[in-house]
Amino acid sequence: MEVKLPNSFKPESLTLLEKRLKESQLVNDVNVDFSSLYWSYPMAMLVAGSYFRRWIKVRRDNDLKTTYRGISKSRNAHTYLMHLGFFDYIGIKDIGNKVGSANGNTRYLPIRKISLEELNNSIAETGEKLIDAINFVAGSMARVLSGDDISETNKAFSYSIREIIRNALEHSGSDCCYICAQKWANGQSEIAIVDEGCGIYSSLSQAYSIGEKDALKHSLKPGVTRTEFLSEEENVYNNSGFGLYVLSEMGSSFGWFCIGSGTQKLIFEKQEDTVSSLDFSGTFVGVHLNSHPKSFQGVLSDIIQVGEVESEKEGRHSSASELSKRV
């Protein structure tokens, strides 16, 4: 049996890829054909990679034969994936860089694994809080992409990376997540993160009486968080439920925002949301900016102000944390 990849890793191609992998999961002697793949976007690449990771593991656990063809160094999309560490990420160890080995530059941030163990080790001797370690990692990644510490682009990157990392590690129940990003010559950029944890519905249902079909939209409301009823000591990430809300509003205003978990994928663009079916065990988030705010702090303050009013009206946290209000 042959599994032919879509022409590109992009949000709209994920359903087809997931279907093809599911159909071939327990079939012996499957050949995966990469020859048709000519383009890849960060979020869809990470999600596609997560599908492959699980698919490959199950096949190896069941001692099923799997071969690969069409991977070529003469194709830009393939060398791009090799350099980012994609093949190592999905479990093919002999093709391209290992995850985390490439440094990246102002055009891209390669796939990187962020683990709680790594973060906790970094603060073990300093007495800092976990959120301090996340801030440091986010700042380092933002500098790679922006090439500086002070531009509005840097602020947008730093804030976005910090919020999606802390959201993934806090709510997923997983001890790690994967992140990557791309910045194109036309000024557009995309930041993506994937965790393979419990998923949004499982997380939010610990604090709210909510149906699975409503979980994604509910997670984007200001003040909504699994930690709403936890003490300050228990809330080690200083979460107030505004992170995903801010990212979704910023993505919708300057490009698009996408989140997927459980059985759904939601794309938020131009203040309109589109929900479609997609099975994913865990959670993925993508923020794609067609342009960057001229004053990121000003945009952030406006989003927070509107969100605090909405949150208070609906009886949730009426104030965003100080961390959510600043870059």
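The values are calculated or read from the model by the stated rules, or taken from the named source; none is laboratory data. Please read all numbers here as calculations on a predicted model, not as lab measurements. Because the Cβ atoms are built from the backbone with ideal geometry, glycine has one as well, and the counts that use them run over all protein chains shown. Surface accessibility is based on the protein's heavy atoms, side chains included, excluding ligands, DNA and RNA. Shrake-Rupley method; radii C 1.70, N 1.55, O 1.52, S 1.80 Å.
Heavy atoms of the protein chains alone define the surface here; on that basis region 261-327 has 51 Å² accessible area per residue at 1.4 Å probe size. Counted by Cβ distance under 13 Å from LYS113, the other residues give a net charge of -3, where Lys and Arg count +1 and Asp and Glu count -1. Shape of region 82-144 from its Cα gyration tensor (a ≥ b ≥ c, root eigenvalues): rounded if a/c is under 1.5, otherwise prolate when a/b > b/c, or oblate? Oblate. Each peptide in 22-32, 102-112 gets a packing score, the mean of other Cβ atoms within 10 Å over its residues, and the list from highest to lowest is 102-112, 22-32.
Its Cα gyration tensor gives region 72-226 an equivalent ellipsoid. The semi-axes, each the square root of 5 times an eigenvalue, are 28, 20, 18 Å from largest down. Between the Cα long axis of helix 14-24 and the first principal axis of the chain there is an angle of about 50°, rounded to the nearest 10. Projecting the Cα positions of MET43, VAL32, THR67 onto the charge dipole of region 28-82 (unit charges on Cβ atoms of Lys, Arg, Asp and Glu, taken about the Cα centre) puts MET43 furthest along the positive direction.
Solvent-accessible area of region 38-141 (1.4 angstrom probe, protein heavy atoms only): carbon and sulfur portion equals 47 percent. Peptide packing for 262-273, 158-169 was compared via the average number of neighbouring C-beta atoms within 10 Å per residue; ordered from the highest value, the list is 158-169, 262-273. Computed from point charges on the beta carbon alone (+1 for Lys and Arg, -1 for Asp and Glu), the dipole magnitude for the chain about its Cα centre is near 1300 Debye. Judged by the mean number of other Cβ atoms found within 10 Å, the most tightly packed of the peptides 246-252, 150-156 leads the ranking 246-252, 150-156.
Cα gyration tensor of region 253-299, axes a ≥ b ≥ c as square roots of the eigenvalues: rounded (a/c below 1.5), prolate (a/b > b/c) or oblate? Prolate, since a/c reaches 1.5 and a/b exceeds b/c. A prolate overall shape is assigned to the chain, the ratio a/c of its alpha-carbon gyration tensor axes (a ≥ b ≥ c) being 1.5 or greater and a/b exceeding b/c. Taking Cα atoms, how many degrees apart are the long axis of helix 42-61 and the longest axis of the chain, rounded to 10 and kept between 0 and 90? Between helix and principal axis, roughly 50 degrees. Projecting the Cα atoms of THR263, HIS78, SER122 onto the dipole axis of the chain, where Lys and Arg carry +1 and Asp and Glu carry -1 at the beta carbon, places HIS78 farthest toward the positive end. Whole-Hz Karplus values for region 241-258 come out as x, 10, x, 5, 4, 4, 4, 5, 5, 5, x, 5, 7, 10, x, 8, 10, 9 Hz, taken residue by residue from phi with 6.51 cos²θ - 1.76 cosθ + 1.60 and θ = phi - 60°; glycine and proline positions read x. Distances between placed amide hydrogens fall under 5 Å for VAL32 paired with VAL3, THR67, TYR68, ARG69, all partners being 5 or more residues away or on another chain. A 1.4 Å probe run over region 120-219, with the rest of the protein chains in place, finds 40 Å² accessible per residue.
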